[in-house]
Structures are given as structure tokens and as C-alpha cells.
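Q: Below: one structure in C-alpha cells.
Values in this text are rule-based calculations from the coordinates and carry no lab data. If you're wondering where the values come from, they're calculated on a predicted model, not measured in any experiment. Every residue, glycine as well, gets a Cβ built from its backbone with ideal geometry; the counts of neighbours run over all protein chains shown.
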């Protein structure tokens, strides 16, 4: 039980929350060969679970996180002020209903929230990995998540769900392990990044790597952080996660002090917002992890081994698919979701698709938009659990 | 005449070029009070002219440049390899026909191509202005251009033409000096920047100002340049000047070496392109000027003094208007041009509007797109010169 002092600044779980949660840790000592050719002989994965695995072990749902997400998807840590990043969607009676499902979310390898990544100690040197931590791919993550599933006693996931980069993982699962998931819910994702998306990632990486404090990624050894670069990367990201319309309605051309200053300090409210978001990110995210995550995004392209034929890449999938996109998402546009839908339809796969009307841009996938949550809820409610046939 | 050696690397003017041109310079010693309250007691404007001012002095066209443009709009400098930035549109027989018109283009105050700006010597200190050069507005530029017109003996411009930030100047001229221009051609512009545009500018500024070599804008004194920041600003700009489609068709997901390297050097062709563009810009543009130009963009908003009523701002205009936009321009979208068109229509002004079908994004306004140039040509051909009534 937290002390009174802590409770004053900490939040108590809401009635429909999974409540207080604790992060768990799994150690893996079987070498994992990555797409890059590097082998991780030892790694740890942190994860959280919500709900209870049933006797048939057929009610497990895997949540895959996006670029800056982590394993803390729902509930609240004791003493914390904020709930997990998808708390509005995961919980008792919520679309991802923990009364029925056992929900698992892990921090991906290469992340900075507890799983082995650039900030972890490299057993070969006794120092932090930093830039020596190998670039991971979405396929690598699926491999590590499959091992986690093995250890948790989950042979087949009832569903794998993710938005953005998380949706790419759900798709890769369907390709790599057709029989290990019954449903794939792929939200605000794409079968690969557009050139424009790669370009934005490149600017973000360049901002980090050209920061004088980056020191070729060994900034830990210098006791510094490439703060300016990481902040810029996040500011840029935020612009692209939101629609032009929502930026307009939130901030317009409003001036912070009510009049022009003819100087270079923050003038427009949007500037203030971006700087705040950038600064907050620097305090919680590692620059090397950010670089790695953007590369995983850039590299994702399941069709590439099939002569760029997405149908060929998806031919062996067995899952029932739900794809969702948002009308104002210009970073992962509805057209990109439709490419996946069409490929699956051409293959006569079981696929549903909803283009949700939303002004919020790419960020919509994190928001409690009624039509969006209703569709998720309806699709997930139809998943049978408790040993019945799927 | 250039030497043989120079000619080898230099280009000769094409047959429809205005030929070899020379930059001219005008000195102004009448104090100019800027919107910021600062007074420039001495300043110089560099400019170029193409064609001949007729006896009636009624065939002069002013070209206003955009963010990174300058006074060298057409023809070629002796020994140079490249023609002016709008050479495809200005010349004998071209849409802006120098056989009929006397074309003037000047470098705006605060720029870095020869007119007084941050890189000029501050007469009060004997050092470069740097960050002490006052932020200029579009209105300030119109004032300085009006003085240049006075000195050139041009009471009324046959037309004022500009794309992007240049279009904003043409609009401001129509507002500030209704009787001093007969036609305003406003291309790929907006009545003010959207929140998203301000946000992109803010990231660009932040990239420059957070560069360790920026030294509060006094980098000249340190013998350095905030190269990384300026490069980032330009890379980001380039993404937004092009459409997603044109990036896709130009670069796709093509890899420079044909395979993934699992490292952070340039991998995708788009990355190579952006770095090249960024680096080239650093060699020709000043960071303080870039900051200033982005502020001029952010501040432009003629409706602000009229309770945000654009019609009220445009009520006194007298010019015949041509507005043009490009279907794939998402930085200055067609919808923004239509706002101006609607306001002018509501006022029963003489306005034409063309939304040009183009895949090239905002950059379209610089390209030789047949439909675009045909419309420009037709509109400009109808401008009467030689003393006939307008």
C-alpha cells in the first residue's frame, strides 16, 4: 500500500481498470539469431499480463506496441500518476475485455523500458550496448514474442493486436506463424513504409546522430544525452501523428502572449506544445532505441521476399483479420490499409475492414473513439474461448 | 568573355533565355521603419532586370521570391553553371515574356544573396548583424520593394507575381498599394500559414537554434556555421515541398546498395537525396536568414487586423487576380487558395483561379508544367502595355 504522500500525487485505479499491475521479467538463454546475422545469446523481456489464462489456454491476446510504446499497456503502477498507454481499451468490460481474455504485452527487444536493448549491459564488455546493440526487425520481435508465448504456455493466441508499428507485428505473426494466432487486428498500419515515411524517419535519425552529444551512440560513456536531436525527432513525429485539422482546431494561430514578439522564443501555442512534447520524450526515451525502432519500421516489408507481391507473402496466413484505419491519418493512410485488405480479399481470406471517421490523425489509434472501440469490441466479442472450436 | 576553362564548366544561355545577366544594387538611405519597430537607416537591395522598360513605364512586372529564392530569377551569370530559379518561365516568348515586359526581381531584406540582412555589416557595430538584424514581415518587404519601384521609375506594376511566400507578397501589395499594381498572380500560396506549417517551421528553427554551432546566432564570430541544424531544416523542407506520390515514384523503397545493411549510414535512395539537398543548401544559405524567412511566413496574415475577416482585408484591392494551386500540394493546399478566391469573389473582384493537376507537390510552382505555364501565358498575354488603358 502506498503511503499517503505518494497517494496524493498518485492516481488510484478507476473502477473499470485492471487495477494495480506489476511488470514481470523473463530471462532467455537460448541464442536468438536476428535478421542482421547477430546472435543474442542472452536477453530479457519485460512484460505485463492482465486477466487470467484459462484452463484451455485459448484466451490469450498479445498486444504489440508502437514506436515509443512499451509493455505497460493497461492498469496502473503503484505510485504512478498515469495508467498504461492503452488503458482506455484494455480492462474489465472494455473492448479488449480482461474478464474474458488473458492479455499480454511485452517491451520489444531494442527498446528502453526494461527489455534488453541499447541501454542494457553488454555481457561481452560490461558496458552498455549503445550502438553495438543490433538493429532488430519486426520478424525478430515476432520470434522473441513466440518464445515468450512458449514460456507462458500459450500455443495459439486468441488474437494479436497492434496499432502502427504494432500492427506490422500482428501482420508478421500471421505470416510467420499461421497456426499460432486465430485473429489478427491490424490498426493504422501499412504493408511497408511509404517513401515519405522513410524520409521523415531519416530526418529524425539525422537529428539524433548529428547532435554534438551523440558521440557515435556512446553518449552514456560521456554522461550526456543527445537531447536536442531526440527532442527534434519527437517534435517532428508529433506533427505527423496529428492531422492538419486537429492541429488547427487545437492550436490555430493562437499566440502565447497574445501578440507578436518579433523574436525567436516560443510565440505560437503550437510551438509551446511541440517543445513540451519533445522535452517530455527526452526524459523517458533512449535515443539509440529510437534509432532502432525507426529502422525496424523502415525495414518492414513482408512482400519483399515475394517479388513485391503482397498476396504471395500473405498466402499461407490462417488468421481471421480485422484491419482498421482512420480517415485523417496521413502518416499511415487508409489507402495503405486497403492494400492489405485487397491482398487478403484476393486470397479469399477472412478479412473485415473499417475506415473510422476521425479528425485526430495517426494518433487516433490510441484514443477512445466510440465507433472505433465499438468495432473492436464487436470483433473481439465474437472470439470463442474456453475450449470451444474457433 | 569567359575563358575557355570557365566555359567548360559554365553553361551558355539557351536561345530563349534572357542571356547573360548582371546583378544590380540600389542603396537606400531614407530610414525604413519595420513592423517590429526597428528602423533600418541604411540598406541595400540587390536586384536583376530582364527586358526593357517602355516609354509609358507601364510594362514592369515584379517577381517576388519564396523562402530560399533570390533576385537571380532568369538568365545566367557569366561563368555560372545554372540559370536563374525561374528561367523556365521568364524570357523572350516565355509566359513572362521579356519581349513585352520589363521584369524586376529583388532579393528581400533579411536575405543572404546580397541585400542587407543578417550577414551584412551592422554600421553601428562594424560587425555582421547576425541575430540583431530585425525580423522582417511581408509588409516590410512590400515597403522596400515600393521604394525600389520609385527609384526605377515604376509608378504602377503591370503585374506582381510570386509563388509560395512570393505569392503572399503579391497579395500584400494588392492590399497595401491598391493602385500600384494592375494584376496580382498568386501561386501556391495561402492567406496565412496553417498550424501544421507553423509547426514545421518551428521544428526547422529549433534544429538551427539548438545546433551547438549556432552560438545564439553569432556563429560568424566563431568562424563556424550551424551546419547540422540548417541541413536538417532543409531536409525537412524538402519532404514537405514534394508530394508522397512523387517521392514514391522518384525513390520508392529503393536501396542504395541493393540490400539492407543493418546500420545507420544512408540505405534508402531517399535518404541519399535528402542529405545531398541538405548539404547543398548549407553551402548557399545563411541560417539567420532562414530563421527570418520562416518568421515572415508565420507572421503573414492580412486578415488579422480585420477581425480575421479576409474579405475585409481585401476590400480595397483594385488588381485583377489570378490564383493558382496544385492538386498535390499539401503544404499550401488548393483549399487555402480557394479561401482567397472566395473572399475576392464575395467582394466582386476580378479573380481567376486554376487548380493545376500536378503530382509534384508544392515544388510544382517552379516547374515547367504545360497547363500551368499555358494559364500563366494566357493571363499575362492579356495585360495591355504601351500606354493603352488597362
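Q: Compute the label-point distances linking residue A:24 to its equivalents in the other copies; points lie 7 Å from Cα along Cα→Cβ; give nm, one decimal, shortest first.
A: So the label point of residue A:24 gives 8.1 nm to the other copies.
Q: Further question on the same structure: Shortest first, in nm, what separates the label point of residue A:311 from those of the same position in the other copies (7 Å along Cα→Cβ)?
A: 5.4
Q: At 0.36 nm per residue, and after removing the present C-alpha to C-alpha distance, how many nm does the segment from residue A:56 to residue A:283 gain when stretched out fully?
A: Between residue A:56 and residue A:283, full extension yields an extra 77.5 nm.
Q: In the range B:19-138, what percentage of the DSSP-assigned beta bridges are antiparallel, given to the nearest 5?
A: Beta bridges within the range B:19-138, antiparallel portion: roughly 65 percent.
Q: Next question. Taking Rh as the Kirkwood radius, which is the inverse of the mean 1/r over Cα pairs, what is the Rg/Rh value for chain A?
A: Radius of gyration over Kirkwood radius for chain A works out to 0.96.
Q: What's the minimum Cβ distance from chain B to the axis relating it to A, in whole Å, and which residue gives it?
A: B:212, 2
Q: Also: For a quick check: sort B:380, B:369 by the number of other beta carbons within 10 angstrom, fewest at the front.
A: Going from sparsest to densest Cβ surroundings: B:369, B:380.
Q: A further question on this structure: Counting other C-beta atoms within 10 Å, which of B:209, A:324 has the fewest, and how do the rest follow?
A: In increasing order of surrounding Cβ atoms, one gets B:209, A:324.
Q: Report the calculated FRET efficiency for residue B:368 and residue A:38 (r = Cβ-Cβ distance, R0 = 45 Å), to the nearest 0.05.
A: 0.35
Q: Need one number: nm distance between label points at residue A:218 and residue A:127, each 7 Å from Cα along Cα→Cβ, rounded to one decimal.
A: 0.4 nm
Q: Given an 8 Å cut-off on Cα distances and at least 6 residues of separation, report the relative contact order of the range A:208-324 as a percent.
A: Answer for the range A:208-324 is 21 percent.
Q: Here's another thing I want to ask about it. Averaged over peptide B:267-275, how many Cβ atoms belonging to another chain are found within 10 Å of each residue's Cβ?
A: Mean partner shielding for this stretch: 5.
Q: Can you tell me what share of the DSSP beta bridges in chain B is antiparallel? A percent to the nearest 5 is fine.
A: The antiparallel fraction comes to roughly 30 percent.
Q: 222 nm [θ] for chain A, helices only, -39500 (n - 2.57) per DSSP H run of 4+, per residue, to 500?
A: For chain A, the value works out to -10000 deg cm²/dmol.
Q: When the chain is fully extended, how far beyond the present Cα-Cα distance does residue A:81 get from residue A:305, taking 0.36 nm per residue of separation?
A: Gain on extension, residue A:81 to residue A:305, equals 76.1 nm.
Q: Direction-averaged shadow area of the convex hull around the Cα atoms of the protein assembly as shown, nm²?
A: 37.7 nm²
Q: Once label points are set 7 Å from the Cα along Cα→Cβ at both residue A:312 and residue B:272, what is their separation, rounded to one decimal in nm?
A: 2.5 nm
Q: Related question: Expressed as a rounded percentage, what relative contact order does the range A:295-376 have, with Cα pairs under 8 Å and six or more residues apart?
A: 29 percent
Q: Ok, one more. Along Cα-to-Cβ, 7 Å out, sits the label point; list in nm, shortest first, how far the one on residue B:42 is from those in the other copies.
A: Shortest to longest, the spacings are 7.2 nm.
Q: What FRET efficiency, computed as 1/(1 + (r/R0)^6) with R0 = 41 Å and r the Cβ-Cβ distance, is obtained for residue B:156 and residue B:15, rounded to the nearest 0.05?
A: Taking R0 as 41 Å, the efficiency between residue B:156 and residue B:15 is 0.80.
Q: Still on this structure, I have one more. Extension gain residue B:254-residue B:24, at 0.36 nm per residue separation less the Cα-Cα distance, in nm?
A: 78.3 nm
Q: Over the range B:296-390, what number does the Rg to Rh ratio reach, with both radii from the alpha-carbon atoms and Rh per Kirkwood?
A: 1.01
Q: Please compute the contact order of chain B in relative form: average sequence separation of alpha-carbon pairs under 8 Å and at least six residues apart, divided by the residue count, as a percent.
A: 17 percent
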